[in-house]
Amino acid sequence: MRVGSQGGEGVVLAAKWIGRGWCAVTMALAWVAAPVSADELRVALVIGNARYEAAPLANPVNDARDMAQALRDMGFQVLEARDATKAEMEKALGSAREALAGRHGIGLLYYAGHGLQLDWRNYLLPVDARPRSAADVRREALDVQQVLDTFRDAGTRMNIVVLDACRDNPFGSSASGKGLAQMDAPPGTLLAYATAPGHLAEDGSAAATGNGLYTGHLVKEMRRPHARIEEVFKRVRLQVRQQSQGRQVPWESTSLEDDFIFGGAAAPAPNAEQLFLQQKTAWDRIKASRQAGDFYAFLQAYPSGAIAELAQARLDLLDEPGLRPQAARDGSVQPAAAGRFRTGDRYEMRYLDGLTGIERYRSTVRVNRVTDGIAEYTGIFGARTEGASTVAGAVVKDALHTYDPPLVLVPGADYQVGRRWSGRTLRTEKDGRSGWIDYTSRVAAHETVELANGRFEAYRVEIEMVYDTGLRVHSTSWLQPEWGLPVKLRVERRASPGAAPDVLIRELVSRHRGS
């Protein structure tokens, strides 16, 4: 049984329940992980395989050469293997393990060449591989899991695996799916794919650029001064998507807790208040635009900013990606965020005291219309209460407040375990009083949640909110990407540090999908 995702209105529960009263406090800072030290041991294994007998490629050796040089310039010890056999790839991996062993450093694998998936595992093909069956793949190719295990056994504290390995190839008959398979990153790891799982990347023309589409942009972004890893891959994704006209959309899965700077030290932290006002000014200029290029440009300038998820959702509405990742292991396929709300959607809800479990009341939420990217609904706190969200789920207004920019408590794009975002919104009450909310969010897990009416597979999203009043609220939502409201929502507020929490829970009783 499958039930929907979140409309981001978890704060509605908090806002109604918190009550009023205002005081000035220092602005809370969004979650920022401590950057990894630039002098920490960095070891990179760079492999470029192009000279395949059956299907030679134009760019992998060029890509590997340029990537290796960029990494050296950034302080990595680089081990290279070009047009490598399986024995040579395994020997190079062993050398990387020896260099990393016991040093608690950073391990990086960059691979360009042919790759394929088999039974939800990804394999990198040496130039001497000629697989005709599944057994041949396991015997002749290098399993990406072997790389991850090697880094783990060496005691690394952070791993980065970049796979520009989704090119079409003649070995597809020995694979169990197209392209590479979706994998969840193990702890302390970032997995980066040149394109979405289950799809193919473009090799490009060596005569024209010297690099494949993905790696060409990646090397350029890594060399950007003070390049933070999250922003590097976000910018690359945008550029590849735009240049390929949506035929190729890179993909990442991450469980990194620490930040990482590719080149040089981290830039001085900007004044958070000024940065937000700068982003909001830029957002206000384009928020009503119907030109996708305006949102590409905004996201290039502010890839991890306070309004980035909202801009991503707007971009997807105007320029829907040309491909979707393959189905996950449970068979689910994520729909576009623009379809999370439909006119006629109906949710039967019950509200519980989170400490006693006693039911307080019930309500029916009805989506009355969806126009120009905004879903309007009634019943969020009873028959007469109104609210509105963007179709991707950011809250525009609820029973008590309006939010500018909309309050983004769900991803603006695909759900990926490990995905993080943060932001600020200015809220205005019906009587004109105003304040702000800072929030940080992350997709924490994909798990089973049990309700009175059944068990549901859902994504768990954790949200921390800090109000200008000093109030702190923690919200947990269990949701699915295809629906606008969560299966279950738990809101916990503490009036002051160390105070006993107040907890309120909302559970979905039944649902009806509109047209």
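Tabulated data for the structure shown
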| item | result |
| --- | --- |
| Distance violations [Cα-Cα > 29 Å] among LYS397/LYS488; LYS91/LYS234; LYS280/LYS488 | LYS91/LYS234; LYS280/LYS488 |
| Average projected area [Cα convex hull, region 218-291], square nanometres | 6.8 nm² |
| Angle between the chain longest axis and helix 213-222 axis [Cα atoms, degrees, rounded to 10] | 70 degrees |
| Share of carbon and sulfur in the accessible heavy-atom surface of region 313-465 [1.4 Å probe, %] | 46 percent |
| Helix 60-73 axis, angle to the chain major axis (alpha carbon atoms, nearest 10°) | 70 degrees |
| Acute angle (nearest 10 degrees) that the helix 272-286 long axis makes with the longest principal axis of the chain, alpha-carbon atoms | 90 degrees |
| Kirkwood-type radius of region 190-320, with distances r between different C-alpha atoms, in Å | 15.9 Å |
| Accessible area (Å², per residue) of the chain, counting only protein heavy atoms and a probe of 1.4 Å | 40 Å² |
| Whole-number D in µm²/s for the chain (Stokes-Einstein; Kirkwood sum over Cα pairs; 20 °C, 1.002 mPa s) | 89 µm²/s |
| Packing rank of 354-361, 439-446, where each peptide gets the mean count of other beta carbons within 10 Å, highest leading | 439-446, 354-361 |
| Relative packing of 92-100, 155-163, which averages over residues the other C-beta atoms within 10 Å, highest first | 155-163, 92-100 |
| Most to least accessible of SER496, SER363, SER255, SER434 (protein chains only, probe 1.4 Å) | SER434, SER496, SER255, SER363 |
| Extent along principal axes [Cα atoms of region 235-380; Å; largest to smallest] | 55, 39, 37 |
| At 1.306 mPa s and 10 °C, Stokes diffusion of region 75-133 via Kirkwood alpha-carbon radius, µm² per second | 121 µm²/s |
| Relative intensity, log₁₀ I(q)/I(0), of region 56-195 from a Debye sum that treats every alpha carbon as a point, q = 0.12, 0.13 Å⁻¹ | -0.45, -0.53 |
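The values are calculated or read from the model by the stated rules, or taken from the named source; none is laboratory data. These numbers were taken from a predicted model, which means no experiment stands behind them. Neighbour counts are summed over all protein chains in view; Cβ atoms, including those assigned to glycine, are modelled from backbone coordinates with ideal geometry. The protein model used for the area step is the full one, side chains on, heavy atoms only, and it has no ligands, DNA or RNA in it. Shrake-Rupley method; radii C 1.70, N 1.55, O 1.52, S 1.80 Å.
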